[in-house]
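Trainee: What follows is a structure written as structure tokens; I'll ask about it next.
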Amino acid sequence: MDRVQGTVENYSNPKTCFFHVFFKAAALTFYILSALFFSSFVIIFVVTVFLAALDFWVVKNLSGRILVGLRWWNEINEQGESVWKFECLDQESLARMNKKDSWLFWWTLYLNAVAWIILGIFSLIRFQADYLLVIGVCLTLSIANIVGFTRCRKDAKKQIQQFASQTIASQFTSTLQSAFSLV
Amino acid sequence: MSHGDTIPLHPSSQSDIDEIENLIYDSVPSGPATVLPARPRSPPRAAIPVSSSPFINSNIPPPSYQTATTSAPPKLPVPAVVPVSSADFSAPTGGDKRQVISSDAFGSPANTLTEPVWDTVKRDLSRIVSNLKLVVFPNPYREDPGKALRDWDLWGPFFFIVFLGLTLSWSASVKKSEVFAVAFGVLAAGAVILTLNVLLLGGHIIFFQSLSLLGYCLFPLDVGALICLIKDNVILKIVAVFVTLTWSSWAAYPFISAAVNPKRKALALYPVFLMYISVGFLIIAID
């Protein structure tokens with residue numbers, strides 16, 4: 001299912017892509033437009049942060065798995081130390097991942113963080129500490145996801161290399177063995 | 001990959017896990033195994049209710065932020081997956097007595113990369129409930145407080161803080177927004193600072209674990225605030241807040257004290273009590 005020259009893949013998981021973008025867009029839109037409609041800061045805060053939290057969960061647990069086959073989490077082991085774990089699909093499945101899906105995934109992730117940073121700058125200029133709180137929370141969530149998935153992707157690449165070299169080594173060994181057995 | 005490293009697990013689950021691991025590793029050269037879409041570690045949390053040990057299986061994939069709503073339930077087409085984890089196998093297994101979500105002990109080890117959405121949601125929800133029970137309610141089976149909240153998550157604390165803020169804001173007749181912002185800010189910043197306090201005192205606690213703990217211990221204060229919202233009698237408010245305050249502090253005490261050097265226990269605990277007391281005053285004083 002790799003790209004043949006000229007054909008353009010469609011999104012292979014449209015629903016997931018939609019939700020991946022939806023919550024981010026909803027949080028940003030609500031935050032920006034809320035000033036026009038709601039005077040109560042509480043509602044703005046709660047709804048925006050809730051949407052951002054939902055988005056965080058969706059990205060971490062759903063779109064990460066489905067669109068790019070990555071997953072990251074944190075565990076605490078026996079010794080009480082915190083361990084970051086990364087999980088990825090095996091190489092074949094990774095190669096089969098829809099390119100458009102992953103493009104969408106990564107770009108919206110970065111754009112979301114940038115958008116919140118810009119909104120944060122506006123808030124700073126206007127000296128609205130309340131809104132900075134909202135932006136701080138949303139930004140933290142976006143950045144957490146970005147960092148998590150980036151590390152996961154690096155880890156996945158490293159493992160693919162290890163796997164490849166391991167495969168080559170084992171095949172080489174088995175070839176040698178069969179060669180010797182024939183002699 | 002660490003081959004055959006032996007991490008002491010509960011016997012009944014050790015065999016399962018060993019089998020899974022062996023199958024994965026043996027099949028690596030032959031490409032993605034039809035063997036099983038197994039997770040490289042012990043099965044997902046709650047998969048093996050080994051004993052009534054309080055240790056929560058800590059390899060729950062998404063420790064932070066889960067949600068109560070489901071988004072789309074897409075069908076997951078990816079077949080054979082060999083999830084490869086980069087970290088060591090740390091697997092304190094043992095579900096506790098709670099509901100076993102995925103009944104897959106060995107039969108079909110849940111592959112967290114391709115599991116249905118609903119499973120993820122259920123798993124996360126049950127984690128919130130179990131954490132709550134573990135932290136806030138008297139638990140005779142809780143062996144070691146330091147290990148009990150291994151399975152931290154931040155959804156519970158998030159909901160509790162927001163709920164407290166909303167309740168306080170509702171009770172306030174003026175300046176509702178400020179009340180909410182102050183409550184949220186104080187609680188969130190307070191949790192972070194308290195955690196730093198414990199860490200700086202040389203305590204052994206994970207940052208997120210501590211945040212999670214302090215957030216869950218807000219549950220009694222939430223109840224207190226709700227009572228104060230409903231009934232406006234001053235005496236009742238004072239009594240309710242006092243009771244829930246002591247409950248909160250009592251809930252937080254074992255975790256914090258287990259984390260620091262005994263000589264420094266008071267130094268670590270005092271700010272926690274202070275924070276809860278000030279929240280208590282905030283609840284009483286709101287009119």
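The values are calculated or read from the model by the stated rules, or taken from the named source; none is laboratory data. Bear in mind the structure is a predicted one, so any value in this text is a computation, not a measurement. Every residue, glycine among them, receives a Cβ derived from its backbone with ideal geometry; neighbour counts consider all protein chains shown.
Trainee: Of the conditions (1) at the interface with chain B (Cβ under 10 Å from one of its Cβ atoms); (2) touching a residue at least 40 places away in the same chain (Cβ under 8 Å); (3) of a type outside the set (D, E, K, R), A:Leu54 satisfies every one except a single condition; which number is it?
Mentor: (2)
Trainee: Restricting to region B:247-272, give me the number of residues that are closer than 16 Å to B:Ala191 by Cα, in contact (Cβ under 8 Å) with a residue 12 or more places away in the chain and out of contact with any helix residue (DSSP H, G or I) (no Cβ under 7 Å at 6 or more places or on another chain).
Mentor: Going through region B:247-272 one residue at a time, the tally reaches 1.
Trainee: Something else about it: Has region A:68-79 got at least one residue that is in contact with a Leu (Cβ under 8 Å, 6 or more places away or on another chain) and at pLDDT 85 or above?
Mentor: There is no residue in region A:68-79 that is in contact with a Leu (Cβ under 8 Å, 6 or more places away or on another chain) and at pLDDT 85 or above.
Trainee: Going through region A:26-42 one residue at a time, which ones are surrounded by fewer than 16 Cβ atoms within 10 Å (Cβ to Cβ), of a type in the set (A, V, I, L, M, F, W, C) and assigned to a helix (DSSP H, G or I)?
Mentor: Across region A:26-42, the qualifying residues are A:Ile32, A:Leu33, A:Ala35, A:Leu36, A:Phe37.
Trainee: Right, something else. Hey, B:Leu221 hits all of (1) surrounded by fewer than 20 Cβ atoms within 10 Å (Cβ to Cβ); (2) assigned to a helix (DSSP H, G or I); (3) not basic (Lys, Arg) but one; which does it fall short on?
Mentor: Against the list (1) surrounded by fewer than 20 Cβ atoms within 10 Å (Cβ to Cβ); (2) assigned to a helix (DSSP H, G or I); (3) not basic (Lys, Arg), B:Leu221 comes up short only on (1).
Trainee: Would region A:131-141 turn up any residue that is small (Gly, Ala, Ser), under 30 Å from A:Phe41 (Cβ atoms), at pLDDT 85 or above and touching a Leu at 6+ places or on another chain (Cβ under 9 Å)?
Mentor: No, that holds for no residue.
Trainee: With the structure loaded, tell me whether B:Lys231 is of a type in the set (Lys, Arg), more than 14 Å from every other protein chain (Cβ to nearest Cβ) and surrounded by fewer than 21 Cβ atoms within 10 Å (Cβ to Cβ) or whether it fails that test.
Mentor: Taking the combined requirement at face value, the residue satisfies it.
Trainee: Another one. So A:Trp103 clears everything in (1) more than 8 Å from every other protein chain (Cβ to nearest Cβ); (2) more than 30 Å from B:His204 (Cβ to Cβ); (3) touching a strand residue (DSSP E or B) at 6+ places or on another chain (Cβ under 6 Å) except one condition, right? Which one?
Mentor: (3)
Trainee: State all residues of region A:172-183 that are among the polar types (S, T, N, Q) and within 12 Å of another protein chain (Cβ to nearest Cβ); if no residue qualifies, say none.
Mentor: A:Thr173, A:Ser174
Yes or no, residue by residue, for (1) over 18 Å from B:Leu132 (Cα atoms); (2) under 18 Å from the mean Cα position of the chain (by Cα):
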site	(1), (2)
B:Leu211	no, yes
B:Gly224	no, no
B:Lys237	yes, no
B:Ala240	yes, no
B:Ala252	no, yes
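Trainee: Related question: Is it the case that A:Trp116 is surrounded by 13 or more Cβ atoms within 10 Å (Cβ to Cβ) and either at pLDDT below 90 or assigned to a helix (DSSP H, G or I) (or both)?
Mentor: Yes.
Trainee: Moving to a separate point now. Across region A:145-171, what is the number of residues that are free of Cβ contacts under 8 Å to residues at least 60 places away in the same chain and within 11 Å of chain B (Cβ to nearest Cβ)?
Mentor: Counting residues in region A:145-171 that are free of Cβ contacts under 8 Å to residues at least 60 places away in the same chain and within 11 Å of chain B (Cβ to nearest Cβ) gives 9.
Trainee: Right, something else. How many residues are within 19 Å of A:Val83 (Cα to Cα) and among the polar types (S, T, N, Q) if we restrict to region A:136-183?
Mentor: 3
Trainee: Test each condition in (1) part of a helix (DSSP H, G or I); (2) without any contact (Cβ under 8 Å) to a residue 40 or more places away in the chain for B:Val174 and report the one that comes out false.
Mentor: (1)
Trainee: Going through region A:119-148 one residue at a time, which ones are closer than 18 Å to B:Gly185 by Cβ and either of a type in the set (S, T, N, Q) or not in a helix (DSSP H, G or I) (or both)?
Mentor: Correct list: A:Ser123, A:Phe127, A:Gln128, A:Thr140.
Trainee: Okay, next question. What number of residues within region B:186-210 satisfy the criterion of being assigned to a helix (DSSP H, G or I) and surrounded by fewer than 16 Cβ atoms within 10 Å (Cβ to Cβ)?
Mentor: 6
Trainee: Select from region A:57-68 the residues that are in contact (Cβ under 8 Å) with a residue 12 or more places away in the chain and at the interface with chain B (Cβ under 7 Å from one of its Cβ atoms) and write down the one among them that is surrounded by the most Cβ atoms within 10 Å (Cβ to Cβ). Before you say what the answer is, go through the steps one by one.
Mentor: The first filter runs over region A:57-68 and keeps only residues in contact (Cβ under 8 Å) with a residue 12 or more places away in the chain, leaving A:58-60, A:62-64, A:66-68.
Retained after the next criterion (residues that are at the interface with chain B (Cβ under 7 Å from one of its Cβ atoms)): A:58, A:60, A:62, A:66.
Details: A:Val58: 26, A:Lys60: 26, A:Leu62: 25, A:Ile66: 28.
Going through the qualifying residues, I end up with A:Ile66.
Trainee: Just a yes or no: is a residue in region A:84-91 at pLDDT 85 or above and out of contact with any Leu (no Cβ under 8 Å at 6 or more places or on another chain)?
Mentor: no
Trainee: A further question follows. Applying the selection to region B:254-273, what residues are within 23 Å of the chain's Cα centre (by Cα), in a helix (DSSP H, G or I) and among the hydrophobic types (A, V, I, L, M, F, W, C)?
Mentor: B:Phe255, B:Ile256, B:Ala258, B:Ala259, B:Ala268, B:Leu269, B:Val272, B:Phe273
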